[in-house]
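S.K.: Pasting a structure below so you can have a look.
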Amino acid sequence: MTVTETVAPVQAQTKAAAEATTSTWTPPPGRLGNLTPVQEAALVKVAAELRAEGAFVEARHDDATLLRFLRARKFDVLKTKDMLLASEKWRKEFGVDELVRTFDFPELEEVDKYYPQYYHKMDKSGRPVYIERIGNLNMKALYACTSQDRLLKRLVVEYESFLTSRLAACAAAEGHPVETSLTILDLGGVSLSNFIRVKDYVFAATSIGQNMYPECMGAFYIINAPWTFTAVWAAIRPWLDEVTAAKVQIVGGPRVYRPLLLAQIDADCLPAEFGGTCACAGGCSLSDMGPWNPEGNKTASASPIASALTEKLAAPAPTEVIDVPVNGQVLSV
């Protein structure tokens, strides 16, 4: 396919995205429906170059995905292509497609006691809300019921579910594309020693999120930040690129963070412990409540990724594999 042949479908998809928007919603800059001529040319070029090298994956490299990587590399085509190729190489080595088809996480309830990590409903912009709490972190108890390797595998499967299931459900509910999440990291009760013990996992999760699933985080609120977090932030900050770091807002206790969160999230979508009114049966952290799962989990033992896995199990396994030498690098969503 020539560059000229590639331009027409991209322009058609861009026009369709623009026409699909409602009168009250406009695509943010750098998204389909709101591209500058330079950005659109970069999209065409990176797609054409990937195709020319036999590295274009039809199942994944749609325009929205290519634009996520382009935004992460400020629309530099060469850097974007390197990032995409590094991502494809990592997917093969990590076994992402096989994980999505087969991974199960029966230790979910036990892990939730020590390190809750969960999606819960949407914010006022239609973005899935993702919450992590590390104040009750007990590394000995956590790693007695799971391992860092399994936590990272769960993280990757959740990213895949986020992209293929959660965002699509939120977009359908809102009537316009949704591409990012709102993250809440609760540090209430956390100690510096707790963070030091979990830093290896946080670093690995940061690496995966930032370079394998770029531009998925729309806003990041770190709440209940203790004074010792200055040292923690000094350790985390070098791991983040400037775009990611700019999205992080560090705030103190309930008097500060509750009005801030409620300005972003309706009270009935925000768990009561954070100042909202939601109190899901069995606990919000195990409910997986949202447009992707409107009735929530019926039992506490239900897995938050079960519906996405079921959908993937019914689909044929991808057959295209990328194995190319690359130069690239690898925060939870």
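S.K.: So what are the ³J(HN,Hα) numbers for the stretch 155-165, from phi and the Karplus equation (6.51, -1.76, 1.60; θ = phi - 60°), rounded to whole Hz, Gly and Pro as x?
M.R.: 4, 5, 5, 5, 4, 5, 5, 4, 6, 9, 10
S.K.: Another question, then. Could you put PHE105, PHE274 in order, starting from the residue whose Cβ has the fewest other Cβ atoms within 10 Å?
M.R.: Numbers: PHE105 19, PHE274 24.
Ranked by crowding around the Cβ, least crowded first: PHE105, PHE274.
S.K.: Continuing with this model, one more query. So which of LYS89/LYS153; LYS124/LYS153; LYS45/LYS89; LYS113/LYS153; LYS121/LYS199; LYS113/LYS199 end up more than 25 Å apart, counting from Cα to Cα?
M.R.: On the way: LYS89/LYS153 16 Å; LYS124/LYS153 30 Å; LYS45/LYS89 21 Å; LYS113/LYS153 19 Å; LYS121/LYS199 28 Å; LYS113/LYS199 19 Å.
In this structure, LYS124/LYS153; LYS121/LYS199 exceed 25 Å between Cα atoms.
S.K.: While we're on this one: First measure r as the distance between the Cβ atoms of ASN34 and ALA245, then evaluate 1/(1 + (r/R0)^6) with R0 = 30 Å and state the FRET efficiency to the nearest 0.05. The partial results should precede the final answer.
M.R.: On the way: r = 24 Å, r/R0 = 0.80.
Approximately 0.80, to the nearest 0.05.
S.K.: To continue, here is another question. Give me the net charge of SER285's neighbourhood, meaning all other residues with Cβ under 12 Å from the Cβ of SER285; Lys, Arg count +1, Asp, Glu -1. Show your work: numbers first, answer last.
M.R.: Details: positive: LYS113, ARG133; negative: GLU109, ASP112, GLU132, ASP186, GLU273, ASP288.
Local charge sum for SER285: -4.
S.K.: By average Cβ neighbour count within 10 Å, what is the ranking of 42-50, 168-176 from highest down? Let's see the in-between values first.
M.R.: Details: 42-50: 21.0, 168-176: 16.7.
Listed from highest to lowest mean packing, they are 42-50, 168-176.
S.K.: For the stretch 105-159, what relative contact order do you get, as a whole percent, if you take Cα pairs closer than 8 Å and at least 6 residues apart? Before the final figure, lay out the partial values.
M.R.: Working: 46 pairs, mean separation 19.3, N = 55.
Reported relative contact order: 35 percent.
S.K.: Let me ask something additional. Hey, for a label at SER125 modelled as a point 7 Å past Cα toward Cβ, could you say which residues of the stretch 230-256 have their backbone N under 11 Å away?
M.R.: 247
Values quoted throughout were computed directly from the atomic coordinates according to the rules given, and no laboratory measurement underlies them. This one's a predicted model, so the numbers in the text were calculated from it and none came from an experiment. When we count neighbours, we look across all protein chains shown, and the Cβ atoms used for this are built from the backbone with ideal geometry, even at glycine.
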